[in-house]
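The structure appears below as structure tokens.
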Amino acid sequence: MTFISNEMKAGHMTMAQGAVQLQAVATLAEQDAAVVEDEQYAARLRKFAEMIYDVIEKMNPEQRVIQ
């Protein structure tokens, strides 16, 4: 995720492109959580995906607060 953030800060990726990339990461985490046998690890993956979705929501131009 740091890569995505750095690319957006450098102007190599738009906010929309970053959101799409983050969505892909969150989806992969959810898919892995569904098949992994270790329930603690699955819970951490689901929490990670939830955190990513929170970031994506904050990236929404209608939700952003200009500082």
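We did not get these values from a lab; they are worked out from the coordinates using the rules stated. Just so we're clear, the structure is a prediction, and the values are computed from it rather than from any experiment. FYI the Cβ positions are ideal-geometry reconstructions off the backbone, even for glycines, and counts take in every protein chain you see.
Computed quantities for the displayed model
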quantity	calculated
Gain in span if fully extended, E50 to T27, counting 0.36 nm per residue against the direct Cα distance	7.3 nm
GluC sites (Glu not before Pro) restricted to the chain and DSSP loop, no more than 14 other C-beta within 10 Å	E37, E62
Kyte-Doolittle at least -0.5, axis length at least 27 Å by Cα - qualifying DSSP helices, the chain	15-35, 39-59
Net charge dipole size for the chain [Lys, Arg +1 and Asp, Glu -1 on Cβ; Debye, nearest 20]	340
Low-density loop cleavage sites - trypsin sites (Lys or Arg not before Pro) in the chain, where at most 16 other Cβ are within 10 Å (DSSP)	R64
Segment Q40-V20, length gained on full extension (0.36 nm per residue, minus Cα span)	4.5 nm
Kirkwood Rh in Å, taken over all unlike Cα pairs in the chain	12.8
